[in-house]
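Data first, discussion second: the structure below is written as structure tokens.
The values are calculated or read from the model by the stated rules, or taken from the named source; none is laboratory data. Everything quoted here is computed from the prediction, not taken from an experiment. Backbone-built Cβ (ideal geometry, glycine too); neighbour counts: all protein chains shown. Note: accessible area is taken over every heavy atom of the protein model, side chains too, but ligands, DNA and RNA are not part of it. Shrake-Rupley method; radii C 1.70, N 1.55, O 1.52, S 1.80 Å.
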Amino acid sequence: MNLLRQKLAASPVLARVAPFGLFLLLTAGQGKIFAGSEFWLYLVKTLIGAGLIWIMYPLVTEMRWAFSWEAVVVGVAVFAIWVGLDDYYPKFIKAGAAWNPNTAFGGGSGLAWLFILTRIIGSTLVVPPLEEVFYRSFVYRSLAAPQFESVPLNRFGWLPFLGTAIVFGFSHVEWLAAILCGMAFQFLVLRKNRLGDAMTAHAITNFLLGVWIVWRGDWHFW
């Protein structure tokens, strides 16, 4: 842990990119090891992600949770857009099999609920800090200037604003909703001059989406 922290501390770029990259690598491995490995690997990925956030915390000063009414409004609105638009635009990336622990382990079983709760907790508390640091802090500011740390979080530019939203959007199957989502989260960063409100909005969106998925059985969103 100390060695990793030293490596990340030596490079502001590495501190913001490497944890997200490792998280993506683990995501890519889900379901590739053995049948049902996507559930176990998500559990492992969530624990590793939490550890990465703990290591990053003293190094990435903008990664601090913040609460505001704007974050709540944006978080709820993005959830509504994500679900509401789903049937009304084409998807360019073929979605994999639905991530449904009830199918793999039996509806209502202890293991099924373990993985469901892990997914909701992971997407609510682990994913937002990692993604917001990478996209809304690093990618946005890197598109604005080569020395990204010299760019304040509240500096607006069309290229970084649209570029970051598009990159974020096309990393999701639900690309249109994700582009709008990226714009909304970036708006919060620009408005508040901090990353924490976007992290909170992201967490609210993901939590509501997780509850919706379990309640309505819309497992394709996972």
*Please enumerate the residues belonging to region 1-22 that are open to solvent by 20 Å² or more (accessible area, probe 1.4 Å) and either in contact (Cβ under 8 Å) with a residue 60 or more places away in the chain or part of a loop (DSSP other than H, G, I, E, B) (or both).*
1, 10, 11, 12, 13, 17
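Return a yes/no flag: does region 182-201 have any residue that is touching a residue at least 60 places away in the same chain (Cβ under 8 Å) and of a type in the set (Val, Ile, Thr).
Scanning region 182-201 turns up at least one residue that is touching a residue at least 60 places away in the same chain (Cβ under 8 Å) and of a type in the set (Val, Ile, Thr).
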*asked:* Restricting to region 39-97, name every residue that is over 16 Å from the mean Cα position of the chain (by Cα), within 28 Å of residue 216 (Cβ to Cβ) and among the aromatic types (Phe, Trp, Tyr).
replied: 39, 40, 67, 69, 88, 89, 92
*Of all the residues that make up region 140-149, how many are open to solvent by 60 Å² or more (accessible area, probe 1.4 Å) and assigned to a helix (DSSP H, G or I)?*
2
*Which residues, counting only those in region 83-102, are of a type in the set (Gly, Ala, Ser) and over 16 Å from residue 206 (Cα atoms)?*
95, 96, 97, 98
*Please specify each residue of region 79-108 satisfying the condition of being of a type in the set (Lys, Arg) and out of contact with any helix residue (DSSP H, G or I) (no Cβ under 8 Å at 6 or more places or on another chain).*
94
